[in-house]
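The values are calculated or read from the model by the stated rules, or taken from the named source; none is laboratory data. Keep in mind that what you see is a predicted model, and the values were worked out from it rather than measured. We place every Cβ from the backbone using ideal geometry, glycine too, and count neighbours over all the protein chains shown.
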Ligand SMILES: *Cc1c(COP(=O)(O)O)cnc(C)c1O
(Lines give C-alpha, C1' and ligand atoms only; values in the text may rest on other atoms or scores of the structure.)
Protein backbone atom coordinates (compact mmCIF):
# COMPACT_ATOMS: atom_id res chain seq x y z
CA UNK A 1 0.00 0.00 0.00
CA UNK A 2 2.76 2.40 0.96
CA UNK A 3 4.62 1.25 -2.13
CA UNK A 4 1.77 2.10 -4.50
CA UNK A 5 1.22 5.49 -2.95
CA UNK A 6 4.76 6.68 -3.21
CA UNK A 7 5.69 5.69 -6.76
CA UNK A 8 6.30 9.23 -7.93
CA UNK A 9 8.01 10.36 -4.73
CA UNK A 10 10.29 7.33 -4.96
CA UNK A 11 11.19 8.02 -8.58
CA UNK A 12 11.77 11.69 -7.84
CA UNK A 13 13.88 10.86 -4.79
CA UNK A 14 16.04 8.54 -6.93
CA UNK A 15 16.60 11.42 -9.36
CA UNK A 16 17.34 13.78 -6.48
CA UNK A 17 19.92 11.39 -5.02
CA UNK A 18 21.81 11.57 -8.33
CA UNK A 19 22.22 15.35 -8.17
CA UNK A 20 21.95 16.40 -4.49
CA UNK A 21 23.65 14.95 -1.38
CA UNK A 22 21.07 12.78 0.36
CA UNK A 23 18.52 13.92 -2.20
CA UNK A 24 17.52 16.92 -0.09
CA UNK A 25 18.44 20.54 0.47
CA UNK A 26 18.21 20.38 4.26
CA UNK A 27 19.14 17.18 6.11
CA UNK A 28 16.07 16.39 8.24
CA UNK A 29 13.91 16.22 5.10
CA UNK A 30 15.73 13.01 4.13
CA UNK A 31 13.76 10.82 6.58
CA UNK A 32 17.03 9.48 8.03
CA UNK A 33 15.47 9.68 11.49
CA UNK A 34 12.46 7.53 10.58
CA UNK A 35 13.49 5.58 7.48
CA UNK A 36 11.69 5.44 4.14
CA UNK A 37 11.30 7.87 1.29
CA UNK A 38 10.44 11.54 1.70
CA UNK A 39 7.28 12.72 -0.03
CA UNK A 40 7.75 15.23 -2.81
CA UNK A 41 5.08 17.82 -2.20
CA UNK A 42 3.47 19.20 -5.34
CA UNK A 43 1.10 21.69 -3.75
CA UNK A 44 -0.38 22.75 -0.45
CA UNK A 45 -3.51 24.53 0.63
CA UNK A 46 -4.51 25.48 4.16
CA UNK A 47 -3.64 22.59 6.47
CA UNK A 48 -3.14 20.09 3.66
CA UNK A 49 -0.18 18.90 1.59
CA UNK A 50 -0.59 17.04 -1.71
CA UNK A 51 2.32 14.91 -2.87
CA UNK A 52 3.48 14.02 -6.35
CA UNK A 53 1.20 10.98 -6.33
CA UNK A 54 -1.85 13.04 -5.48
CA UNK A 55 -2.02 11.75 -1.87
CA UNK A 56 -3.19 14.34 0.65
CA UNK A 57 -1.82 14.74 4.17
CA UNK A 58 -2.68 16.97 7.08
CA UNK A 59 0.53 18.94 7.53
CA UNK A 60 2.17 19.07 10.96
CA UNK A 61 5.50 20.32 9.63
CA UNK A 62 4.32 23.75 8.55
CA UNK A 63 7.61 24.29 6.70
CA UNK A 64 9.22 23.77 10.16
CA UNK A 65 7.44 26.77 11.59
CA UNK A 66 6.78 29.53 9.08
CA UNK A 67 3.26 28.59 7.92
CA UNK A 68 1.35 30.13 10.83
CA UNK A 69 -1.65 30.93 8.65
CA UNK A 70 -1.58 27.67 6.70
CA UNK A 71 -0.49 27.21 3.08
CA UNK A 72 -1.36 29.53 0.22
CA UNK A 73 -3.40 31.92 2.34
CA UNK A 74 -5.35 33.92 -0.27
CA UNK A 75 -4.33 37.33 1.08
CA UNK A 76 -0.67 36.37 1.28
CA UNK A 77 -0.76 34.91 -2.23
CA UNK A 78 -2.43 38.05 -3.60
CA UNK A 79 0.05 40.38 -1.89
CA UNK A 80 3.05 38.34 -3.03
CA UNK A 81 1.78 38.05 -6.60
CA UNK A 82 1.26 41.80 -6.79
CA UNK A 83 4.68 42.44 -5.29
CA UNK A 84 6.38 40.11 -7.78
CA UNK A 85 4.67 41.92 -10.66
CA UNK A 86 6.28 45.15 -9.44
CA UNK A 87 9.76 43.61 -9.73
CA UNK A 88 11.39 41.11 -7.42
CA UNK A 89 14.54 42.88 -6.21
CA UNK A 90 16.05 46.33 -6.67
CA UNK A 91 18.99 46.58 -4.32
CA UNK A 92 17.58 49.84 -2.96
CA UNK A 93 15.41 50.60 0.08
CA UNK A 94 11.72 49.69 -0.36
CA UNK A 95 8.46 50.31 1.49
CA UNK A 96 7.65 46.66 2.36
CA UNK A 97 10.95 46.20 4.21
CA UNK A 98 10.40 49.47 6.08
CA UNK A 99 6.89 48.42 7.09
CA UNK A 100 8.02 44.95 8.14
CA UNK A 101 10.75 46.54 10.29
CA UNK A 102 8.15 48.87 11.85
CA UNK A 103 5.81 45.94 12.53
CA UNK A 104 8.58 43.93 14.24
CA UNK A 105 9.74 46.89 16.33
CA UNK A 106 6.14 47.65 17.32
CA UNK A 107 5.41 44.09 18.43
CA UNK A 108 8.63 43.11 20.18
CA UNK A 109 10.99 44.65 22.76
CA UNK A 110 13.61 45.55 20.14
CA UNK A 111 14.42 49.14 19.18
CA UNK A 112 16.22 48.65 15.86
CA UNK A 113 16.08 45.76 13.44
CA UNK A 114 18.16 44.61 10.46
CA UNK A 115 16.56 42.26 7.94
CA UNK A 116 18.43 39.26 6.55
CA UNK A 117 17.46 36.16 4.58
CA UNK A 118 17.72 33.21 6.98
CA UNK A 119 17.72 32.42 10.66
CA UNK A 120 21.29 31.23 10.36
CA UNK A 121 22.30 34.62 8.99
CA UNK A 122 20.41 36.34 11.80
CA UNK A 123 22.17 34.49 14.63
CA UNK A 124 25.56 34.64 12.87
CA UNK A 125 25.18 38.42 12.54
CA UNK A 126 23.89 38.87 16.10
CA UNK A 127 26.94 37.07 17.46
CA UNK A 128 29.35 39.08 15.34
CA UNK A 129 27.62 42.24 16.56
CA UNK A 130 27.78 41.13 20.20
CA UNK A 131 31.49 40.43 19.81
CA UNK A 132 32.09 43.75 18.07
CA UNK A 133 30.07 45.74 20.59
CA UNK A 134 31.63 44.18 23.68
CA UNK A 135 35.14 43.72 22.30
CA UNK A 136 35.03 40.15 23.67
CA UNK A 137 35.11 36.79 21.90
CA UNK A 138 33.49 34.10 24.03
CA UNK A 139 29.95 32.90 23.26
CA UNK A 140 27.85 30.76 25.61
CA UNK A 141 25.12 28.49 24.26
CA UNK A 142 23.04 25.54 25.46
CA UNK A 143 23.21 21.94 24.30
CA UNK A 144 20.14 21.08 22.25
CA UNK A 145 19.43 24.70 21.29
CA UNK A 146 19.79 25.13 17.53
CA UNK A 147 20.74 28.50 16.11
CA UNK A 148 21.26 27.62 12.47
CA UNK A 149 24.46 26.25 10.98
CA UNK A 150 26.74 29.01 12.25
CA UNK A 151 30.28 27.62 12.67
CA UNK A 152 30.74 28.98 16.19
CA UNK A 153 27.40 27.50 17.26
CA UNK A 154 27.89 24.04 15.71
CA UNK A 155 29.60 23.14 18.92
CA UNK A 156 29.42 20.16 21.24
CA UNK A 157 29.84 20.45 24.99
CA UNK A 158 33.37 20.27 26.26
CA UNK A 159 34.50 17.85 28.95
CA UNK A 160 33.36 20.03 31.89
CA UNK A 161 30.64 22.63 32.30
CA UNK A 162 32.87 25.69 32.09
CA UNK A 163 35.24 24.39 29.40
CA UNK A 164 35.39 25.37 25.76
CA UNK A 165 33.54 23.38 23.15
CA UNK A 166 34.59 20.81 20.63
CA UNK A 167 33.52 21.16 17.02
CA UNK A 168 30.03 19.75 16.44
CA UNK A 169 30.45 19.20 12.71
CA UNK A 170 33.13 17.99 10.39
CA UNK A 171 34.48 21.00 8.52
CA UNK A 172 34.12 23.30 11.51
CA UNK A 173 37.64 23.89 12.84
CA UNK A 174 38.29 23.78 16.57
CA UNK A 175 39.34 27.43 16.20
CA UNK A 176 35.74 28.31 15.24
CA UNK A 177 34.27 26.69 18.35
CA UNK A 178 37.26 27.35 20.60
CA UNK A 179 35.57 30.49 21.96
CA UNK A 180 32.22 28.75 22.51
CA UNK A 181 31.02 27.30 25.82
CA UNK A 182 28.16 24.78 25.67
CA UNK A 183 26.08 24.30 28.83
CA UNK A 184 23.12 22.10 29.80
CA UNK A 185 19.79 23.91 29.26
CA UNK A 186 17.93 25.07 32.36
CA UNK A 187 21.05 24.59 34.50
CA UNK A 188 21.62 27.72 36.58
CA UNK A 189 24.63 26.30 38.40
CA UNK A 190 26.39 25.61 35.10
CA UNK A 191 25.71 29.16 33.93
CA UNK A 192 27.03 30.57 37.21
CA UNK A 193 30.17 28.44 36.98
CA UNK A 194 30.87 29.49 33.39
CA UNK A 195 30.43 33.17 34.17
CA UNK A 196 32.46 32.91 37.37
CA UNK A 197 35.37 31.50 35.41
CA UNK A 198 35.13 33.37 32.09
CA UNK A 199 32.73 36.28 32.76
CA UNK A 200 35.06 39.04 31.66
CA UNK A 201 35.65 37.31 28.31
CA UNK A 202 32.03 36.51 27.45
CA UNK A 203 30.57 38.60 24.61
CA UNK A 204 27.12 37.07 24.79
CA UNK A 205 24.96 34.19 25.87
CA UNK A 206 22.59 32.98 23.17
CA UNK A 207 19.56 30.84 23.93
CA UNK A 208 16.36 29.84 22.23
CA UNK A 209 13.76 31.86 24.13
CA UNK A 210 12.02 28.54 24.64
CA UNK A 211 13.87 25.56 23.23
CA UNK A 212 12.08 24.08 20.24
CA UNK A 213 14.77 22.21 18.37
CA UNK A 214 15.15 19.26 20.77
CA UNK A 215 11.41 18.92 20.98
CA UNK A 216 9.73 21.66 22.99
CA UNK A 217 11.56 22.30 26.26
CA UNK A 218 10.39 25.49 27.94
CA UNK A 219 12.73 27.46 30.17
CA UNK A 220 12.09 26.84 33.87
CA UNK A 221 10.18 29.78 35.40
CA UNK A 222 12.53 32.73 35.76
CA UNK A 223 15.37 31.06 33.84
CA UNK A 224 15.49 33.64 31.03
CA UNK A 225 15.37 36.47 33.55
CA UNK A 226 18.21 34.83 35.44
CA UNK A 227 20.22 34.60 32.21
CA UNK A 228 19.53 38.24 31.46
CA UNK A 229 20.66 39.33 34.93
CA UNK A 230 23.74 37.14 34.84
CA UNK A 231 24.76 38.59 31.48
CA UNK A 232 24.17 42.14 32.70
CA UNK A 233 26.24 41.55 35.83
CA UNK A 234 29.21 40.52 33.68
CA UNK A 235 28.86 43.05 30.87
CA UNK A 236 27.84 40.36 28.40
CA UNK A 237 24.90 40.67 26.01
CA UNK A 238 21.83 38.43 26.34
CA UNK A 239 20.65 37.17 22.95
CA UNK A 240 17.34 35.35 22.64
CA UNK A 241 16.91 33.39 19.42
CA UNK A 242 13.23 33.62 18.52
CA UNK A 243 13.59 32.31 14.98
CA UNK A 244 11.16 29.52 15.87
CA UNK A 245 9.18 30.99 18.79
CA UNK A 246 8.82 34.52 17.40
CA UNK A 247 5.26 35.30 16.21
CA UNK A 248 4.47 31.61 16.79
CA UNK A 249 4.54 30.78 20.50
CA UNK A 250 2.57 33.80 21.68
CA UNK A 251 0.34 36.56 20.36
CA UNK A 252 2.65 39.41 21.33
CA UNK A 253 5.25 38.06 18.94
CA UNK A 254 7.95 36.99 21.36
CA UNK A 255 8.33 34.51 24.15
CA UNK A 256 11.44 35.11 26.18
CA UNK A 257 10.06 37.48 28.74
CA UNK A 258 8.32 35.85 31.69
CA UNK A 259 4.81 37.18 31.39
CA UNK A 260 5.10 40.94 31.10
CA UNK A 261 8.12 43.10 30.44
CA UNK A 262 9.25 43.58 34.03
CA UNK A 263 12.26 45.77 33.70
CA UNK A 264 14.37 43.44 31.60
CA UNK A 265 14.60 42.56 27.98
CA UNK A 266 17.06 40.75 25.76
CA UNK A 267 19.86 42.94 24.39
CA UNK A 268 19.49 41.28 21.01
CA UNK A 269 16.84 39.03 19.50
CA UNK A 270 16.69 37.03 16.30
CA UNK A 271 13.60 36.23 14.25
CA UNK A 272 12.82 34.19 11.14
CA UNK A 273 10.34 31.53 10.05
CA UNK A 274 6.86 33.12 10.63
CA UNK A 275 8.11 36.65 9.89
CA UNK A 276 9.03 35.54 6.35
CA UNK A 277 5.57 34.15 5.65
CA UNK A 278 7.11 31.16 3.84
CA UNK A 279 9.79 33.20 2.05
CA UNK A 280 13.47 33.67 2.96
CA UNK A 281 13.32 36.54 5.41
CA UNK A 282 14.74 36.79 8.92
CA UNK A 283 15.91 39.52 11.25
CA UNK A 284 18.07 40.44 14.19
CA UNK A 285 17.57 43.46 16.35
CA UNK A 286 17.75 44.90 19.81
CA UNK A 287 19.05 47.83 21.80
CA UNK A 288 19.56 50.95 19.72
CA UNK A 289 23.09 51.49 21.06
CA UNK A 290 24.12 47.92 20.27
CA UNK A 291 22.57 48.00 16.80
CA UNK A 292 24.38 51.30 16.24
CA UNK A 293 27.63 49.34 16.01
CA UNK A 294 26.44 47.83 12.74
CA UNK A 295 27.61 49.09 9.36
CA UNK A 296 27.09 51.65 7.88
CA UNK A 297 26.86 53.45 11.26
CA UNK A 298 29.44 51.39 13.12
CA UNK A 299 32.43 49.11 12.67
CA UNK A 300 30.66 45.69 12.58
CA UNK A 301 30.22 44.65 8.97
CA UNK A 302 27.03 42.99 7.78
CA UNK A 303 25.29 43.03 4.39
CA UNK A 304 23.06 41.09 1.97
CA UNK A 305 22.14 41.35 -1.72
CA UNK A 306 18.62 40.06 -1.08
CA UNK A 307 18.21 41.39 2.49
CA UNK A 308 14.77 42.97 2.89
CA UNK A 309 13.72 41.57 -0.48
CA UNK A 310 10.41 43.22 -1.44
CA UNK A 311 8.57 39.97 -2.25
CA UNK A 312 9.77 38.17 0.89
CA UNK A 313 9.05 41.13 3.15
CA UNK A 314 5.60 41.54 1.60
CA UNK A 315 4.87 37.90 2.46
CA UNK A 316 6.14 38.42 6.00
CA UNK A 317 4.35 41.71 6.55
CA UNK A 318 1.04 40.34 5.24
CA UNK A 319 1.44 37.28 7.46
CA UNK A 320 2.19 39.32 10.59
CA UNK A 321 -0.75 41.64 9.94
CA UNK A 322 -3.02 38.60 9.71
CA UNK A 323 -1.53 37.09 12.89
CA UNK A 324 -4.21 38.45 15.19
CA UNK A 325 -4.92 37.23 18.73
CA UNK A 326 -7.68 35.04 17.22
CA UNK A 327 -5.00 33.08 15.35
CA UNK A 328 -3.16 32.28 18.59
CA UNK A 329 -6.42 31.39 20.35
CA UNK A 330 -7.14 28.96 17.54
CA UNK A 331 -3.65 27.46 17.77
CA UNK A 332 -4.09 27.04 21.51
CA UNK A 333 -7.47 25.32 21.17
CA UNK A 334 -6.48 23.07 18.27
CA UNK A 335 -3.26 22.26 20.13
CA UNK A 336 -5.18 21.24 23.25
CA UNK A 337 -7.28 18.81 21.20
CA UNK A 338 -4.27 17.26 19.44
CA UNK A 339 -2.17 17.06 22.63
CA UNK A 340 -4.97 15.40 24.59
CA UNK A 341 -5.76 12.94 21.79
CA UNK A 342 -2.07 12.04 21.36
CA UNK A 343 -1.61 11.52 25.07
CA UNK A 344 -4.78 9.42 25.36
CA UNK A 345 -3.85 7.24 22.38
CA UNK A 346 -0.28 6.67 23.62
CA UNK A 347 -1.47 5.98 27.18
CA UNK A 348 -4.08 3.52 25.90
CA UNK A 349 -1.41 1.71 23.85
CA UNK A 350 1.05 1.70 26.77
CA UNK A 351 3.67 3.90 25.10
CA UNK A 352 5.70 6.03 27.56
CA UNK A 353 5.47 9.64 26.46
CA UNK A 354 5.57 13.22 27.61
CA UNK A 355 3.75 16.16 26.02
CA UNK A 356 5.41 19.54 26.52
CA UNK A 357 4.43 23.05 25.50
CA UNK A 358 5.78 26.57 25.23
CA UNK A 359 2.90 28.89 24.48
CA UNK A 360 1.14 27.57 21.39
CA UNK A 361 4.09 25.31 20.51
CA UNK A 362 4.18 21.71 21.63
CA UNK A 363 5.84 18.38 21.02
CA UNK A 364 5.45 14.78 22.09
CA UNK A 365 8.49 13.05 23.59
CA UNK A 366 8.62 9.27 23.27
CA UNK A 367 9.81 8.81 26.85
CA UNK A 368 8.26 9.35 30.24
CA UNK A 369 9.10 12.14 32.67
CA UNK A 370 9.59 15.84 32.23
CA UNK A 371 12.31 16.82 29.77
CA UNK A 372 14.34 19.86 30.84
CA UNK A 373 17.49 19.55 28.74
CA UNK A 374 19.12 17.82 25.79
CA UNK A 375 20.17 14.80 27.80
CA UNK A 376 16.52 14.21 28.69
CA UNK A 377 15.38 14.76 25.11
CA UNK A 378 17.95 12.23 23.94
CA UNK A 379 16.45 9.43 26.02
CA UNK A 380 13.55 8.86 23.61
CA UNK A 381 12.49 5.59 22.00
CA UNK A 382 13.30 6.55 18.41
CA UNK A 383 12.19 3.17 17.06
CA UNK A 384 8.74 3.70 18.53
CA UNK A 385 8.62 7.20 17.03
CA UNK A 386 9.57 5.90 13.58
CA UNK A 387 6.74 3.36 13.66
CA UNK A 388 4.34 6.03 14.93
CA UNK A 389 5.45 8.47 12.22
CA UNK A 390 4.90 5.98 9.40
CA UNK A 391 1.51 4.86 10.70
CA UNK A 392 0.42 8.51 10.82
CA UNK A 393 1.78 9.08 7.32
CA UNK A 394 -0.10 6.06 5.99
CA UNK A 395 -3.25 7.50 7.57
CA UNK A 396 -2.69 10.85 5.85
CA UNK A 397 -0.98 12.90 8.56
CA UNK A 398 2.52 14.24 7.88
CA UNK A 399 4.41 14.65 11.15
CA UNK A 400 7.97 15.98 11.25
CA UNK A 401 10.26 13.06 10.28
CA UNK A 402 12.16 13.39 13.56
CA UNK A 403 11.30 12.81 17.21
CA UNK A 404 13.10 16.05 18.13
CA UNK A 405 10.68 18.48 16.55
CA UNK A 406 7.60 20.47 17.47
CA UNK A 407 4.31 19.55 15.81
CA UNK A 408 3.33 22.69 13.93
CA UNK A 409 -0.33 23.59 13.66
CA UNK A 410 -1.70 26.59 11.77
CA UNK A 411 -4.73 28.85 11.71
CA UNK A 412 -5.97 26.64 8.83
CA UNK A 413 -6.11 23.47 10.95
CA UNK A 414 -9.88 23.33 11.14
CA UNK A 415 -12.12 20.61 12.57
CA UNK A 416 -11.66 18.42 9.50
CA UNK A 417 -7.85 18.57 9.67
CA UNK A 418 -7.73 18.13 13.45
CA UNK A 419 -10.28 15.32 13.13
CA UNK A 420 -8.02 13.48 10.68
CA UNK A 421 -5.14 13.72 13.17
CA UNK A 422 -7.27 12.54 16.10
CA UNK A 423 -8.63 9.58 14.11
CA UNK A 424 -5.16 8.51 13.03
CA UNK A 425 -3.63 8.55 16.50
CA UNK A 426 -4.87 5.30 18.13
CA UNK A 427 -3.60 2.98 15.37
CA UNK A 428 -0.31 4.88 15.20
CA UNK A 429 0.07 4.57 18.98
CA UNK A 430 -0.47 0.80 18.69
CA UNK A 431 2.17 0.67 15.93
CA UNK A 432 4.54 2.53 18.24
CA UNK A 433 3.75 0.08 21.07
CA UNK A 434 4.52 -2.89 18.81
CA UNK A 435 7.85 -1.34 17.81
CA UNK A 436 8.91 -0.25 21.32
CA UNK A 437 12.47 -1.02 22.23
CA UNK A 438 12.99 -3.08 19.05
CA UNK A 439 16.20 -1.64 17.66
C1 LIG B 1 15.20 27.35 12.27
C2 LIG B 1 16.02 27.99 13.30
C3 LIG B 1 17.22 28.68 12.98
C4 LIG B 1 17.80 28.68 11.61
O5 LIG B 1 16.99 29.33 10.68
P6 LIG B 1 17.25 29.03 9.12
O7 LIG B 1 16.32 29.98 8.43
O8 LIG B 1 16.92 27.58 8.91
O9 LIG B 1 18.67 29.32 8.83
C10 LIG B 1 17.86 29.36 14.00
N11 LIG B 1 17.39 29.34 15.26
C12 LIG B 1 16.27 28.68 15.59
C13 LIG B 1 15.78 28.74 17.00
C14 LIG B 1 15.57 27.96 14.64
O15 LIG B 1 14.48 27.28 15.00
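Overview of values
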{"quantity": "Restricting the range 412-439 to residues that are part of a loop (DSSP other than H, G, I, E, B) and in contact with a strand residue (DSSP E or B) (Cβ under 9 Å, 6 or more places away or on another chain), the residue that is surrounded by the most Cβ atoms within 10 Å (Cβ to Cβ)", "calculated": "413"}
{"quantity": "Helices (runs of 4 or more DSSP H) wholly inside the range 272-365 containing at least 2 residues that are in contact with a helix residue (DSSP H, G or I) (Cβ under 7 Å, 6 or more places away or on another chain)", "calculated": "310-322, 325-349"}
{"quantity": "Candidates 134, 120, filtered to the one that is on the phi < 0 side of the Ramachandran plot and within 15 Å of the ligand (Cβ to nearest atom)", "calculated": "120"}
{"quantity": "Residue 166, sole failed condition from (1) away from the ligand (no atom under 16 Å from the Cβ); (2) touching a residue at least 60 places away in the same chain (Cβ under 8 Å)", "calculated": "(2)"}
{"quantity": "Conditions (1) touching a residue at least 40 places away in the same chain (Cβ under 8 Å); (2) within 30 Å of residue 322 (Cβ to Cβ); (3) under 24 Å from the mean Cα position of the chain (by Cα); number of the one not met by residue 392", "calculated": "(1)"}
{"quantity": "Selection within the range 13-66 - buried (at least 16 other Cβ atoms within 10 Å of the Cβ) and assigned to a helix (DSSP H, G or I)", "calculated": "13, 16, 23, 28, 29, 30, 62, 63, 64"}
{"quantity": "Failed condition for residue 208, given (1) within 12 Å of the ligand (Cβ to nearest atom); (2) modelled with pLDDT under 95", "calculated": "(2)"}
{"quantity": "Subset of the range 242-258 (residues that are in contact with a helix residue (DSSP H, G or I) (Cβ under 8 Å, 6 or more places away or on another chain) and within 14 Å of the ligand (Cβ to nearest atom))", "calculated": "243, 244, 246, 247, 248, 254, 256"}
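Yes/no matrix, rows are residues, columns are (1) under 24 Å from the mean Cα position of the chain (by Cα); (2) within 16 Å of the ligand (Cβ to nearest atom); (3) over 22 Å from residue 410 (Cα atoms):
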residue	(1), (2), (3)
21	yes, no, yes
28	yes, yes, no
35	yes, no, yes
70	yes, no, no
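Yes or no, residue by residue, for (1) in the same structural domain as residue 104 (by TED's automatic domain parsing); (2) away from the ligand (no atom under 16 Å from the Cβ); (3) at pLDDT 95 or above; (4) within 30 Å of residue 406 (Cα to Cα):
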position	(1), (2), (3), (4)
225	yes, yes, no, yes
240	yes, no, yes, yes
270	yes, no, yes, yes
273	yes, no, yes, yes
293	yes, yes, yes, no
